[in-house]
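Notes follow the structure.
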Amino acid sequence: MQTKLSQIKSAFDAGDFAKAIRIASKFQDLGTQRNAILDANLAITNPRWMRGIGKDIEQSIAAGIEALRIRYAF
């Protein structure tokens, strides 16, 4: 059985950042990277709303990817 963390790592390594962010966004303890990961998940799932509040979609996703890299040392 694969753990959620190993699923995140597998998706990250495969370049499926949307899947890695989606799984990680459900974790309770995301530390200081929490907002970046949650914003990235929102940018992926609801880009129109993110644009509506004035956030850049690509920048939010890139920040989420970097937050995953920092949080889980990928």
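Which value in nm describes the separation of the simple spin-label points at residue 4 and residue 35, placed 7 Å from the Cα toward the beta carbon? Label-label distance for residue 4 and residue 35, simple model: 2.2 nm. Taking the longest Cα principal axis of the chain as reference, the axis of helix 4-14 is set at about 70 degrees. Within straight-line reach of residue 55, meaning a Cα separation under 26 Å, sit the following lysines at least 8 residues removed in sequence or on another chain: 19, 26. Excluding same-chain neighbours fewer than eight residues apart, the aspartates and glutamates reachable from residue 9 by a Cα-Cα span under 20 Å are 29, 39, 66.
Could you state the accessible area per residue of the chain in Å², with a 1.4 Å probe and every protein chain left in place?
In whole numbers, the chain has 65 Å² accessible per residue.
Protection proxy ranking for 33-43, 3-13, 55-65, using the average of other Cβ atoms within 10 Å per residue and placing the highest first: 33-43, 55-65, 3-13. When the Cα gyration tensor is reduced to axis lengths a ≥ b ≥ c, the ratio a/c is 1.5 or higher for the stretch 1-40, and with a/b not above b/c it is classed as oblate.
Rg/Rh for the chain stands at 0.97; both radii use Cα atoms, and Rh follows the Kirkwood definition. Compute the long axis of helix 57-72 from its Cα atoms, compare it with the longest principal axis of the Cα atoms of the chain, and write down the angle in degrees, 0 to 90, nearest 10. Orientation of helix 57-72: about 30 degrees from the principal axis.
Taking the longest Cα principal axis of the chain as reference, the axis of helix 34-45 is set at about 70 degrees.
Let's see if you can work this out: charge +1 on each Lys and Arg Cβ, -1 on each Asp and Glu Cβ, no other charges. What is the dipole magnitude of the chain about its Cα centre, in debye to the nearest 20? Mind showing how you got there, number by number?
Values: 11 positive and 7 negative charges, 42 e Å.
So the magnitude is around 200 debye.
Element breakdown for the chain at a 1.4 angstrom probe: carbon and sulfur atoms account for 52% of the accessible area.
The values are calculated or read from the model by the stated rules, or taken from the named source; none is laboratory data. Values in this document were obtained by computation on a predicted structure and should not be read as measured data. Glycine gets a Cβ as well: all are built from the backbone with ideal geometry, and neighbour counts include every protein chain shown. Protein only, heavy atoms only, side chains kept; ligands, DNA and RNA dropped before computing areas. Shrake-Rupley method; radii C 1.70, N 1.55, O 1.52, S 1.80 Å.
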